[in-house]
Amino acid sequence: MKNANDFMTEICNIEQKAKMYILSIFEENNVSELVLSSPFRFCYFNENNVPISELVESIKTNVYSENDIVFTTTLDNDVIDSMLVDSGALPLFAKVIEDEFERINIAIKEQAKKIEEENFTSSKLYFFLPDDKNPRDLTPEQFCGRAFMYGEVMTAEEYAERFNTYQLGNIHPDFGTLKMYDYTDQIVEYCPHCENEVILDSKFCKQRCPICNRLIKPCSMCTDCVNPCPLGEDDK
């Protein structure tokens, strides 16, 4: 007949099996960090042994020691070791992680197919570039790239709205040049984290990689790479 100690032994065995399974999934996919597409709530105990409930946004392995698992929360990017999580959390995370890697593998195929089809739409946009950033011998691609970095880019509707409300600011012939070009609504970008080509919106800001969910910059929108980058440092 079983006693209470037997149940605790079973729980510990399940936790250890879940941990080894999680490590095996990371190793199989050759990654050390997984950013979840949707934060997952879990419970852990702080240094005073008080239970705390938070949302996990990423999971890393081999951070402080070999075969360790740590969780980064959405609150102040706290890093929680798996040794502190509540009993039963690791088996739950094993399923979450398994589903996440399945989503990633599907997304890789979907992105590759979309890129191969090259079925991108385009829109007419106004590009304003200040004179001090315009050497006057720029190609249309260079002009657009510099306008994203140093000037302003607007749709026709946005330009009309600003014109009618006297909100054009420095958009004036005395300060720069305004041009209209057809510009693709989406771009193909290389993700330095998962090393896949992905499709991003044509917006000059950091965006989530549709595969690995980490922040990347739309570098292909800039024909002239500058240092420091207007969008800041790369995300680690």
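For residues in the range 146-167 being aliphatic (A, V, I, L, M) and closer than 17 Å to PHE204 by Cα, which is surrounded by the most Cβ atoms within 10 Å (Cβ to Cβ)?
The initial filter retains those residues of the range 146-167 that are aliphatic (A, V, I, L, M), namely 147, 149, 153-154, 156, 160.
Those still in the list that are closer than 17 Å to PHE204 by Cα too: 147, 149, 153-154.
Details: ALA147: 27, MET149: 19, VAL153: 20, MET154: 19.
Once the filter is applied, the top-ranked residue is ALA147.
Out of all the residues in the range 81-99, is one or more surrounded by 12 or more Cβ atoms within 10 Å (Cβ to Cβ), out of contact with any helix residue (DSSP H, G or I) (no Cβ under 9 Å at 6 or more places or on another chain) and at pLDDT 95 or above?
So far as the range 81-99 goes, yes, one or more of its residues are surrounded by 12 or more Cβ atoms within 10 Å (Cβ to Cβ), out of contact with any helix residue (DSSP H, G or I) (no Cβ under 9 Å at 6 or more places or on another chain) and at pLDDT 95 or above.
Where in the range 1-76 are there strands (runs of 3 or more DSSP E), lying fully within it, with 2 or more residues that are touching a residue at least 24 places away in the same chain (Cβ under 8 Å) and among the β-branched types (Val, Ile, Thr)?
Working: elements: 33-45, 51-61, 69-73.
In the range 1-76, 51-61 are the strands (runs of 3 or more DSSP E) which contain 2 or more residues that are touching a residue at least 24 places away in the same chain (Cβ under 8 Å) and among the β-branched types (Val, Ile, Thr).
Being part of a loop (DSSP other than H, G, I, E, B) and more than 30 Å from LYS114 (Cα to Cα): is that true of PRO228 here? First the steps, then the outcome.
On the way: part of a loop (DSSP other than H, G, I, E, B): yes; more than 30 Å from LYS114 (Cα to Cα): yes.
The answer is yes for PRO228.
Would you be able to say whether some residue in the range 38-51 is modelled with pLDDT under 90, among the acidic types (Asp, Glu), more than 30 Å from GLN207 (Cα to Cα) and touching a strand residue (DSSP E or B) at 6+ places or on another chain (Cβ under 9 Å)?
no
Residues to consider are ARG208, ARG162; find the one that is of a type in the set (Lys, Arg) and over 30 Å from SER32 (Cα atoms). Let's see the steps before the verdict.
Working: ARG208 fails: over 30 Å from SER32 (Cα atoms).
Criteria check complete, one pass: ARG162.
Spot the failing condition for SER87; the list is (1) small (Gly, Ala, Ser); (2) more than 17 Å from the chain's Cα centre (by Cα); (3) part of a strand (DSSP E or B), and only one is missed.
(3)
Here is a check on your reading of the model: is ASN213 surrounded by 19 or more Cβ atoms within 10 Å (Cβ to Cβ), part of a loop (DSSP other than H, G, I, E, B) and either in contact with a Ser or Thr (Cβ under 7 Å, 6 or more places away or on another chain) or not assigned by TED's automatic domain parsing to the domain that holds PHE127 (or both)? Write out each step before concluding.
Numbers: surrounded by 19 or more Cβ atoms within 10 Å (Cβ to Cβ): yes; part of a loop (DSSP other than H, G, I, E, B): yes; either in contact with a Ser or Thr (Cβ under 7 Å, 6 or more places away or on another chain) or not assigned by TED's automatic domain parsing to the domain that holds PHE127 (or both): yes.
Yes; evaluated as a whole, the condition is true for this residue.
How many residues does the range 127-146 contain that are polar (S, T, N, Q) and part of a loop (DSSP other than H, G, I, E, B)?
Narrowing the range 127-146 to residues polar (S, T, N, Q): 134, 139, 142.
From what's left, part of a loop (DSSP other than H, G, I, E, B): 134, 139.
The qualifying residues number 2.
Given the options CYS194, CYS205, CYS225, name the one that is without any contact (Cβ under 8 Å) to a residue 12 or more places away in the chain and hydrophobic (A, V, I, L, M, F, W, C). If you could, list the steps in order and put the result at the bottom.
Working: CYS194 fails: without any contact (Cβ under 8 Å) to a residue 12 or more places away in the chain; CYS205 fails: without any contact (Cβ under 8 Å) to a residue 12 or more places away in the chain.
From the options CYS194, CYS205, CYS225, the qualifying one is CYS225.
Condition check ((1) at pLDDT 90 or above; (2) crowded, with 18+ Cβ neighbours inside 10 Å; (3) under 21 Å from ASN29 (Cβ atoms)) across all residues:
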{"position": "SER65", "(1), (2), (3)": "no, no, yes"}
{"position": "THR72", "(1), (2), (3)": "yes, yes, yes"}
{"position": "ILE104", "(1), (2), (3)": "yes, yes, yes"}
{"position": "GLU118", "(1), (2), (3)": "no, no, no"}
{"position": "THR121", "(1), (2), (3)": "yes, no, no"}
{"position": "LYS133", "(1), (2), (3)": "yes, no, no"}
{"position": "CYS144", "(1), (2), (3)": "yes, yes, no"}
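In the set LYS124, LYS203, which member is out of contact with any Leu (no Cβ under 8 Å at 6 or more places or on another chain), closer than 30 Å to LYS113 by Cβ, part of a strand (DSSP E or B) and of a type in the set (Lys, Arg)? Lay out the reasoning, then the answer.
Working: LYS203 fails: part of a strand (DSSP E or B).
Just one listed residue meets the conditions, LYS124.
Can you name the residue in the range 1-55 that is surrounded by fewer than 16 Cβ atoms within 10 Å (Cβ to Cβ) and of a type in the set (D, E, K, R) and, of all such residues, is farthest from PHE101 (Cα to Cα)?
Step by step, filter the range 1-55, then rank; the result is LYS2.
Going by what's in this entry, would LEU200 be described as at pLDDT 95 or above, of a type in the set (A, V, I, L, M, F, W, C), in contact with a strand residue (DSSP E or B) (Cβ under 7 Å, 6 or more places away or on another chain) and closer than 30 Å to VAL35 by Cβ? Reasoning before the result, please.
Numbers: at pLDDT 95 or above: yes; of a type in the set (A, V, I, L, M, F, W, C): yes; in contact with a strand residue (DSSP E or B) (Cβ under 7 Å, 6 or more places away or on another chain): yes; closer than 30 Å to VAL35 by Cβ: yes.
Here the answer is yes, as LEU200 does meet what is asked.
For the range 121-172, name all the residues that are in contact with a Cys (Cβ under 7 Å, 6 or more places away or on another chain) and without any contact (Cβ under 8 Å) to a residue 60 or more places away in the chain.
PHE127, the sole residue that qualifies.
The values are calculated or read from the model by the stated rules, or taken from the named source; none is laboratory data. Remember, predicted model here, so these are calculated numbers, not experimental data. Methodologically, a virtual Cβ is constructed for each residue, glycine included, from the backbone with ideal geometry; neighbour enumeration extends over all protein chains shown.
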